[in-house]
Structure formats: C-alpha cells, structure tokens
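Below is one structure, written out as structure tokens; comments come after it.
What follows draws every value from the coordinates through simple rules; no lab data is involved. Computed from a prediction, not measured in an experiment: that's the story for all the values here. Cβ placement follows ideal geometry from the backbone for every residue including glycine, while neighbour counts extend to all protein chains displayed.
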Amino acid sequence: MTQTQPIMTALWTAERTLMLLCDEAVQDPVHVYGRALNQAVWRDIGDTEVNEYLETPKATFMAAARTSLAFR
C-alpha cells in the first residue's frame, strides 16, 4: 500500500459523508470534485497543472456548498 492510499480512502469517506449530510444539489459537485482530486493525486490529468485542473470542480463544489448552507 502506498502512502497515498490512506489519504484517498479518507477522501472517499469524506465524499460519502457529504453526500449523506448535504442537500441533493451538492451531491454531483462533491462527486465531480472528489473524482478530480483522485485523478490529480494519481497524475491522471496529462500535462495540466494540478491547480488549473481542480479550479472549476472546486469552485462549482464550493458554490453549491455555500448555497446549501445559506438555506439552513
């Protein structure tokens, strides 16, 4: 097992926790962002810079999370 595997397991667990606790509107963005993080960690993103690759999924997730929390 690599050193990265426990971190990726924690990421997967956090993604599932968010899906359980948050509104449906957050589920797709959290899944897309989690998948993008996974691809970035395993370098499955080609020549793209990591921060550039993660920018859109992160912004989409954060916007959905803020919107969801504003209604609570």
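Among the residues of this structure, Asp23 counts as one that is touching a residue at least 40 places away in the same chain (Cβ under 8 Å), surrounded by 12 or more Cβ atoms within 10 Å (Cβ to Cβ) and either out of contact with any strand residue (DSSP E or B) (no Cβ under 7 Å at 6 or more places or on another chain) or not polar (S, T, N, Q) (or both).
For region 20-50, a residue qualifies if it is over 10 Å from Ala64 (Cα atoms) and small (Gly, Ala, Ser), and the qualifying residues are Gly34, Ala36, Ala40, Gly46.
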